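Before any comments, here is the structure.
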Amino acid sequence: MAEVNKPLKINERLALTTYITDVESHIQVDNEKCKDCVTKACLYVCPAKVYELKDGKIIAHYEACLELGGCIIACHQMGNKGITWKYPKGGQGVVFKYG
Ligand code: SF4
């Protein structure tokens, strides 16, 4: 029997999140800017691990975005301003439950 009051780990909580995924990404990454970025801050600030360094390029897995906006602040304050970010189109993206 599962322990009812056991706190969930972050990956377990993220697995409960619902998304309505847009066909277009609301996150654009300019890898020309990223290649000169020393901090690669985007890789560390996102709790959903949207950003991945693969074959020397930053990839944004936008479908997992929680829309916190921390990545663009970190990128523009500590990185090389490679991220262009906007909210997904109305009704799409992460679905928050209230109450
Ligand atoms: S922090 Fe910004 S500029 Fe630096 S690697 Fe990430 S997306 Fe590119």
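The values are calculated or read from the model by the stated rules, or taken from the named source; none is laboratory data. Because the structure is a prediction, the values reported are computed rather than measured. FYI the Cβ positions are ideal-geometry reconstructions off the backbone, even for glycines, and counts take in every protein chain you see.
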Practice prompt. Would you tally the residues in region 1-50 being in contact (Cβ under 8 Å) with a residue 40 or more places away in the chain and more than 26 Å from Gly82 (Cβ to Cβ)?
Written response: 2
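Okay, residues lined up against (1) over 24 Å from Ala15 (Cβ atoms); (2) among the hydrophobic types (A, V, I, L, M, F, W, C); (3) at pLDDT below 95:
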site	(1), (2), (3)
Val45	no, yes, no
Glu52	no, no, no
Ile59	no, yes, no
Gly70	no, no, no
Ile73	yes, yes, no
Val95	no, yes, yes
Gly99	no, no, yes
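For (1) part of a strand (DSSP E or B); (2) among the aliphatic types (A, V, I, L, M); (3) more than 9 Å from the ligand (Cβ to nearest atom); (4) surrounded by 13 or more Cβ atoms within 10 Å (Cβ to Cβ), each residue gets a yes or a no:
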position: Val23; (1), (2), (3), (4): no, yes, yes, no
position: Glu32; (1), (2), (3), (4): no, no, yes, no
position: Asp36; (1), (2), (3), (4): no, no, no, no
position: Thr39; (1), (2), (3), (4): no, no, no, yes
position: Ile59; (1), (2), (3), (4): yes, yes, yes, yes
position: Leu68; (1), (2), (3), (4): no, yes, yes, yes
position: Ile72; (1), (2), (3), (4): no, yes, no, yes
position: Gln77; (1), (2), (3), (4): no, no, yes, no
Item to complete: For region 20-46, name all the residues that are in contact with a helix residue (DSSP H, G or I) (Cβ under 6 Å, 6 or more places away or on another chain) and farther than 15 Å from Ile59 by Cβ.
Response: Thr21, Thr39, Ala41, Val45
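Can you tell me which of Tyr19, Tyr98, Tyr87, Tyr44 is hydroxyl-bearing (Ser, Thr, Tyr) and assigned to a helix (DSSP H, G or I)?
Numbers: Tyr19 fails: assigned to a helix (DSSP H, G or I); Tyr98 fails: assigned to a helix (DSSP H, G or I); Tyr87 fails: assigned to a helix (DSSP H, G or I).
Answer to the selection: Tyr44.
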Worksheet item: Hey, any hits in region 80-88 for a residue that's among the basic types (Lys, Arg), within 13 Å of the ligand (Cβ to nearest atom) and farther than 16 Å from Thr17 by Cβ?
Response: yes
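If you take the residues of region 44-57 that are surrounded by fewer than 17 Cβ atoms within 10 Å (Cβ to Cβ) and within 17 Å of Gln28 (Cβ to Cβ), which of them is nearest to the ligand (Cβ to nearest atom)?
Looking only at region 44-57, we keep the residues that are surrounded by fewer than 17 Cβ atoms within 10 Å (Cβ to Cβ), and these are 44, 47, 49, 52-57.
Of the ones still in play, those that are also within 17 Å of Gln28 (Cβ to Cβ) are 52-54, 57.
Numbers: Glu52: 11, Leu53: 8, Lys54: 12, Lys57: 9 Å.
Going through the qualifying residues, I end up with Leu53.
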Worksheet item: Pairs, please: C-beta under 6 Å, at least 6 apart or cross-chain, first residue under 22 Å from Val23 (Cβ atoms) and in region 54-77, second at pLDDT 95 or above and aromatic (Phe, Trp, Tyr)?
Response: Ile58/Tyr51; Ala60/Tyr51; Ile72/Trp85
